[in-house]
Protein chains: 2
Amino acid sequence: MPPPELAAKVRALPAAAVARLTLYLRALNALLAEGAERVSSEELAEASGVSSSNVRKDLSYLGSYGTRGVGYEAQFLSRRITAALGLTQEWRVAIVGAGNLGRALARYAGFESRGFDVVALLDQDQLVIGHEVGWLRVSDVAQLESVLERSKANMVVLALPAEAAQDICDRVIAAGVHSILSFAPVLLQVPEYVNLRKVDMATELQILAYHAQRLPETGSESA
Amino acid sequence: MPPPELAAKVRALPAAAVARLTLYLRALNALLAEGAERVSSEELAEASGVSSSNVRKDLSYLGSYGTRGVGYEAQFLSRRITAALGLTQEWRVAIVGAGNLGRALARYAGFESRGFDVVALLDQDQLVIGHEVGWLRVSDVAQLESVLERSKANMVVLALPAEAAQDICDRVIAAGVHSILSFAPVLLQVPEYVNLRKVDMATELQILAYHAQRLPETGSESA
DNA sequence: GCGTGTGAATTCCTTCACAGCT
DNA sequence: AGCTGTGAAGGAATTCACACGC
């Protein structure tokens, strides 16, 4: 039972608000880098592509930290959102699958810069195991459990083919890691206490296709 | 004014339904591969992780193609969804950015297999231009417009750093491609007639972090 | 005066529950 | 009898609009 050290972590945020808070954080940090000290909901809205009333509503879930007639103190708000999202603690990510995508993710600087440490990269293929990718050496997925333990990973990214995903997913959960981001194009069966998010690029293109196909071919011209 | 060749494309589907239709399609094709001929909403629900009433409601947007007391004819339903999503036409995808992610996407077999043809890969870096990645040769992004035209691309994937994204995005739109999937972690400003979807992996991890941090550390044990 | 904070109104999505067809 | 199709109910998220405090 860890005692709550920072105030106000308890109330659950609406799922949609959580997603947007990450956008506000990104926008805020950009504004801070430009030297901003105060921001209004209107500015944040502009910078993150959300309506200003939505911004205010979302921020109000964290508490009343703005000043009427003035706005929000940028530095403070950034820290407040960081805390609310749980980004004050260290997140250690293991990537399973060292194919094209897994290797790209392992080298992706965007993770490190936002506080996610990629601590392990695993694969099943003997030809890949032992090779260096970025600053990591590829481990054998047969040793998944011990690698997760030694690396103290608390998140896993699955970057592997559909066929392998469920099996590895089960092992990851059994090993005690309950936060999983999957790029595998299959439905993964997990207990409800597990946090699973899915990213499927083919799905994204299909959704684009739907909208593209419905549009009356605006603005362009086949010369 | 293109005459509607296939029946019933006109009514707009709810956005949430479109996203799920891609799941049903995937599930259906898997079931078909296993030799299924009929499926019930219950089976589809199971296979795609959606409630069965939601499945029925979504399918009802496409028309009444099920048989009461029996279910849906799998082959037919698959084709119907394919048509509704606009996947009967050829989609030609150009990937801008041949860094880790762009190269991984270019080689990702999942696109081809779902009807998306990767027809071009572009980069700005002279050291990369001309190299082969998969079955493609990297083009110079300076020639973006002519490459898009020659390759007849009608979708673009942006796999490039935040700084470059807006500029390239503008050029893509000016060149007449209005369906864009962006992996760049920035807000892109686009006219409303453009279809833009965003995938941000750092955001996904941050959302995971939020949920992980709220959970009372279930089931696992730091040995 | 100005921008936040928030109830109320609205829109969008999901689930319920059952009538209707096979 | 069984499963679809769908109005109606319920819930979630967004927008509105204005009172409140600086």
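From the set of residues in the range B:48-77 that are within 14 Å of chain A (Cβ to nearest Cβ) and open to solvent by 40 Å² or more (accessible area, probe 1.4 Å), which is nearest to DNA strand D (Cβ to nearest atom)?
Ranking the candidates gives B:Y61 first.
Taking B:R103 as the residue in question, decide whether it is away from DNA strand D (no atom under 16 Å from the Cβ) and of a type in the set (D, E, K, R).
Against the criterion (away from DNA strand D (no atom under 16 Å from the Cβ) and of a type in the set (D, E, K, R)), B:R103 qualifies.
Take A:A94 and decide whether it is touching a strand residue (DSSP E or B) at 6+ places or on another chain (Cβ under 9 Å) and at the interface with chain B (Cβ under 10 Å from one of its Cβ atoms). Can you show your working first?
Working: touching a strand residue (DSSP E or B) at 6+ places or on another chain (Cβ under 9 Å): yes; at the interface with chain B (Cβ under 10 Å from one of its Cβ atoms): no.
For A:A94, the condition - touching a strand residue (DSSP E or B) at 6+ places or on another chain (Cβ under 9 Å) and at the interface with chain B (Cβ under 10 Å from one of its Cβ atoms) - is not met.
Filter the range B:49-94 for residues that are β-branched (V, I, T) and over 18 Å from the mean Cα position of the chain (by Cα); which is farthest from DNA strand C (Cβ to nearest atom)?
My answer is B:V55.
Can you name the residue in the range B:187-208 that is open to solvent by less than 40 Å² (accessible area, probe 1.4 Å) and of a type in the set (V, I, T) and, of all such residues, is farthest from A:D200 (Cα to Cα)?
B:V194
All but one of (1) within 24 Å of A:L215 (Cα to Cα); (2) open to solvent by less than 10 Å² (accessible area, probe 1.4 Å); (3) in a helix (DSSP H, G or I) hold for B:A94, so report the exception by its number.
The single condition B:A94 does not satisfy is (3).
Can you name the residue in the range B:10-20 that is over 27 Å from A:P191 (Cβ atoms) and surrounded by 15 or more Cβ atoms within 10 Å (Cβ to Cβ) and is also farthest from DNA strand D (Cβ to nearest atom) among such residues?
Applying the filter and picking the extreme gives B:V18.
Go through A:L158, A:L196, A:L208 for me and flag whichever is within 23 Å of B:S182 (Cβ to Cβ) and more than 8 Å from chain B (Cβ to nearest Cβ).
Only one candidate passes the filter, namely A:L158.
Considering each of B:V141, B:V156 in turn, give the residue that is modelled with pLDDT of 95 or more and open to solvent by 10 Å² or more (accessible area, probe 1.4 Å).
After applying the criteria, what remains is B:V141.
For B:Y108, all conditions in the list (1) surrounded by fewer than 22 Cβ atoms within 10 Å (Cβ to Cβ); (2) more than 14 Å from every other protein chain (Cβ to nearest Cβ) hold save one; what is the number of the exception?
So B:Y108 meets the others, but not (2).
Among the residues of the range B:26-48, which ones are away from DNA strand C (no atom under 14 Å from the Cβ) and of a type outside the set (D, E)?
Selection gives B:R26, B:A27, B:L28, B:N29, B:A30, B:L31, B:L32, B:A33, B:G35, B:A36, B:V39, B:A47.
Quick one: in the range A:113-138, of everything that is open to solvent by 60 Å² or more (accessible area, probe 1.4 Å) and modelled with pLDDT under 95, which residue is nearest to the chain's Cα centre (by Cα)?
A:S113
The values are calculated or read from the model by the stated rules, or taken from the named source; none is laboratory data. This is a predicted model, so every value here is computed, not measured. Cβ atoms come from the backbone with ideal geometry, glycine included; neighbour counts cover every protein chain shown. Calculation scope for accessible area: heavy atoms of the full protein, side chains included, ligands and nucleic acids excluded. Shrake-Rupley method; radii C 1.70, N 1.55, O 1.52, S 1.80 Å.
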